[in-house]
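Student: For reference, the structure I am asking about is given below.
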Amino acid sequence: MQPCKTLLLSATLVSRLFAANSFDITLNYTGDPQYLPVFQNAESIWEQIIPSYIDGNRNGPPLTGVTIAASIAADDGPGGTLGFAGPTFGSTDQSGYFLPTQGTMQFDSADVGGLGSNLLTVVLHEMGHVLGLGTLWTQNGLYTNGSGQYTGANGLAAYKTEFNQPSATFVPVELGGGVGTANGHWNEVDNGAGLTGLVSTVFGSDMRYELMTGWLNTNQPYFISNLTRGSLRDLGYDVALVPEASSLGLAVMASTVILRRRRITVG
């Protein structure tokens, strides 16, 4: 398992006027060009899921997306730190949503080659952290560190429906795995080694295979749950949920099967 470094958030708060805008991810990529299409694929998937902001203007130029500095470069060699990712600058709008405007993703060139088809899953996961999943929960009043209880209204409502938990008062958040994994992912069991028993009624997969859990797992492709989509709404993105028992969004599930378990961490 390879932990990723935790990236500290630097925020610039700017008030915004109420309005909705389109959402765009701008990639500034440096590194081996053979991996660029993977990052572009991840960008396209997130842009399809996030068409716009719920409340997207600020005083000054409209807020229309996030710029991500993505790179693959030498770091600590094979088997060490895979990389890090997260938002680096953000803005608070008139409705109180704290949204990222800039972020960074960096991966160790010594490890990327060994990921093979798993690279898309890893890049998608880390790009999700740049967008605020797991990294901006506390800043938006959705989660208290150490509690293991996500309470964002949209995420919780989606969780209750999608995972058949009608009486739930919170969504369980991972507290295991140490710094970088704890408090930033949906909860698994046994460090990702076993099924959670929570099966998505939309995608038909156990929570173990959800993109924003703390470990990548074998046997099945990842999926991006309505829980994660609801959390994006809690963060200020105008995201629609996938209808229950629908094939919509299945293209977002990776066509690759994870060949080995690797720990993913915020950062």
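Student: Provide Ile72, Ile54, Ile45 in ascending order of the number of other Cβ atoms located within 10 Å of each residue's Cβ, fewest first. The partial results should precede the final answer.
Tutor: Values: Ile72 26, Ile54 18, Ile45 21.
With the sparsest Cβ surroundings first, the list reads Ile54, Ile45, Ile72.
Student: For each of Val202, Val189, count neighbouring Cβ atoms within 10 Å of the residue's Cβ, then give the residues from fewest to most. Could the numbers behind the result be given before it?
Tutor: Details: Val202 25, Val189 16.
Ascending number of Cβ neighbours within 10 Å: Val189, Val202.
Student: Once you list every other residue whose beta carbon is under 14 Å from the beta carbon of Gln48, what net charge do they have if Lys and Arg are +1 and Asp and Glu are -1? Show your work: numbers first, answer last.
Tutor: Numbers: positive: Arg229; negative: Asp24, Glu43, Glu47, Asp238.
Summing Lys/Arg as +1 and Asp/Glu as -1 gives -3.
Student: Counting pairs of alpha carbon atoms under 8 Å apart in space and at least six apart in sequence, what relative contact order in percent does the stretch 24-263 give?
Tutor: That works out to 18 percent.
Student: Could you list Ser225, Ser91, Ser44 in order of exposure, starting from the residue whose Cβ has the fewest other Cβ atoms within 10 Å?
Tutor: Ser44, Ser91, Ser225
Every number in this text was worked out from the coordinates using simple rules, so none of it is lab data. Bear in mind that the values here come from a model prediction, so they are computed numbers and not experimental data. Methodologically, a virtual Cβ is constructed for each residue, glycine included, from the backbone with ideal geometry; neighbour enumeration extends over all protein chains shown.
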